[in-house]
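The values are calculated or read from the model by the stated rules, or taken from the named source; none is laboratory data. Because the structure is a prediction, the values reported are computed rather than measured. Ideal geometry is used to build each Cβ from the backbone, glycine not excepted, and the neighbour counts take in all protein chains shown. SASA here: full protein model, heavy atoms, side chains in, ligands and nucleic acids out. Shrake-Rupley method; radii C 1.70, N 1.55, O 1.52, S 1.80 Å.
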Amino acid sequence: MQTMSAIKAAQLLLKEKVKSAAVLLDGTAGNGGDTLFLAKNAPPDAKIYAFDIQSAAISQAKETLAAAGFYDRVEFILASHADLDKYILEKIDAAIFNLGYLPRSSHAITTLGKTTLQAVEKVLEKLSVNGAVAITAYLGHSEGAAENEKLAAYLKNLSKSEFVAAQYKMINHADNAPICYVIERVK
Ligand SMILES: C[S@@+](CC[C@H](N)C(=O)[O-])C[C@H]1O[C@@H](n2cnc3c(N)ncnc32)[C@H](O)[C@@H]1O
């Protein structure tokens, strides 16, 4: 049975940061799986923001959190993560983005290279020293491949003195297997 995946890696690599974070972000709430991961692992008084542009996703994420008893721990925001700076004024300690489209929903509503980059730039600006961001990117659909190209080019060029950026990808699977990027602010 496969127990490792890009999404699992994103959560595992972020977990230690989440445990000591005061402000956290799920940039793509979707069904709420990653928001729940943040809520379960963050300190009880941490502030958690969860964004999605689809009201169906926000409703589902709310249900997921409510069913697990974590509803009150999260501020759900029906807006693009590209506008996150309008809603989050503090520094961010840990953030997670699971890109692409909502599973079992319209593939036409998907994250896009331009807005994803705007969001990632804003998160990195707001990231506290030793804070980290995990991003899972899906290359298997055309918008996802274009988005990943932009994202990878941007991450490769981040200042080495300010950030470390790494990737986790299965090398014995298809070339377009999902990639998990993890970026830590070091200065
Ligand atoms: C792969 S799903 C996220 C899965 C989710 N993290 C979970 O655990 O269920 C991607 C989500 O990103 C959302 N999305 C697309 N563009 C967005 C944007 N600009 N800002 C915020 N969310 C966006 C989609 O509506 C979709 O729900």
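Please pick out the residue among TYR154, TYR138, TYR101, TYR168 that is of a type outside the set (Val, Ile, Thr), buried (at least 16 other Cβ atoms within 10 Å of the Cβ) and touching a residue at least 60 places away in the same chain (Cβ under 8 Å).
Testing whether each residue is of a type outside the set (Val, Ile, Thr), buried (at least 16 other Cβ atoms within 10 Å of the Cβ) and touching a residue at least 60 places away in the same chain (Cβ under 8 Å) leaves just TYR168.
Which number in (1) within 14 Å of the ligand (Cβ to nearest atom); (2) open to solvent by less than 70 Å² (accessible area, probe 1.4 Å) marks the one condition that GLY69 misses?
That leaves (1) as the condition not met.
Mind listing just one residue for me: the one in region 111-126 that is part of a helix (DSSP H, G or I) and more than 19 Å from VAL23 (Cα to Cα) and, of those, nearest to the ligand (Cβ to nearest atom)?
Step by step, filter region 111-126, then rank; the result is THR115.
Any residue at all in region 18-40 that's in contact with a strand residue (DSSP E or B) (Cβ under 6 Å, 6 or more places away or on another chain), aromatic (Phe, Trp, Tyr) and either open to solvent by less than 40 Å² (accessible area, probe 1.4 Å) or within 9 Å of the ligand (Cβ to nearest atom) (or both)?
No, region 18-40 contains no residue that is in contact with a strand residue (DSSP E or B) (Cβ under 6 Å, 6 or more places away or on another chain), aromatic (Phe, Trp, Tyr) and either open to solvent by less than 40 Å² (accessible area, probe 1.4 Å) or within 9 Å of the ligand (Cβ to nearest atom) (or both).
Looking for whichever is surrounded by fewer than 18 Cβ atoms within 10 Å (Cβ to Cβ) and closer than 24 Å to ALA6 by Cα here; the options are ILE96, ILE109, ILE92, ILE58. Which one fits?
ILE109
Only one of (1) touching an Asp or Glu at 6+ places or on another chain (Cβ under 9 Å); (2) part of a strand (DSSP E or B); (3) open to solvent by 30 Å² or more (accessible area, probe 1.4 Å) fails for GLU184. Which number is that?
(1)
Check off (1) touching a Leu at 6+ places or on another chain (Cβ under 6 Å); (2) more than 23 Å from LYS8 (Cα to Cα) for ILE92 and give me the number that stays unchecked.
Unmet for ILE92, out of (1) touching a Leu at 6+ places or on another chain (Cβ under 6 Å); (2) more than 23 Å from LYS8 (Cα to Cα): (2).
Going residue by residue through region 128-148, is there one that turns out to be assigned to a strand (DSSP E or B), of a type in the set (S, T, N, Q) and either within 10 Å of the ligand (Cβ to nearest atom) or under 16 Å from THR28 (Cα atoms) (or both)?
Yes, because at least one residue in region 128-148 is assigned to a strand (DSSP E or B), of a type in the set (S, T, N, Q) and either within 10 Å of the ligand (Cβ to nearest atom) or under 16 Å from THR28 (Cα atoms) (or both).
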